[in-house]
């Protein structure tokens, strides 16, 4: 009889422990879900911020002369003073660099090409 009582008590203790482990697992899943939702929201907010900054950077860079383009302009527009080549240089500002000498060079090149 005592052995049956001990066996029953041990069985009840094991069931109680197993139930607590089950509850701990459920609690862990609930916390993980709650925290993952918070993390997801935080990641979305951070992504939105980065996206806006990226778009602003791209907009600023649009129409900007690249380093290679700047080197070609300096080569072609050798008559233009170096201080007028400001970076970043917008493509729309390139014609403002032209001088009378620039136009003369263009005409001379066209004439040479026509007679060649």
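The values are calculated or read from the model by the stated rules, or taken from the named source; none is laboratory data. Computed from a prediction, not measured in an experiment: that's the story for all the values here. Every residue, glycine among them, receives a Cβ derived from its backbone with ideal geometry; neighbour counts consider all protein chains shown.
Can you tell me which residue among 13, 83, 51 is outside the structural domain of residue 104 (by TED's automatic domain parsing) and within 38 Å of the chain's Cα centre (by Cα)? Residue meeting the stated conditions: 51. For segment 85-98, the condition holds for no residue, the condition being that it is outside any helix (DSSP H, G or I) and more than 30 Å from residue 109 (Cβ to Cβ).
Does at least one position in segment 44-54 carry a residue that is closer than 30 Å to residue 93 by Cβ and at pLDDT below 80? Yes, that holds for at least one residue. Tallying residues that are out of contact with any helix residue (DSSP H, G or I) (no Cβ under 6 Å at 6 or more places or on another chain) and outside any helix (DSSP H, G or I) within segment 41-64 yields 2.
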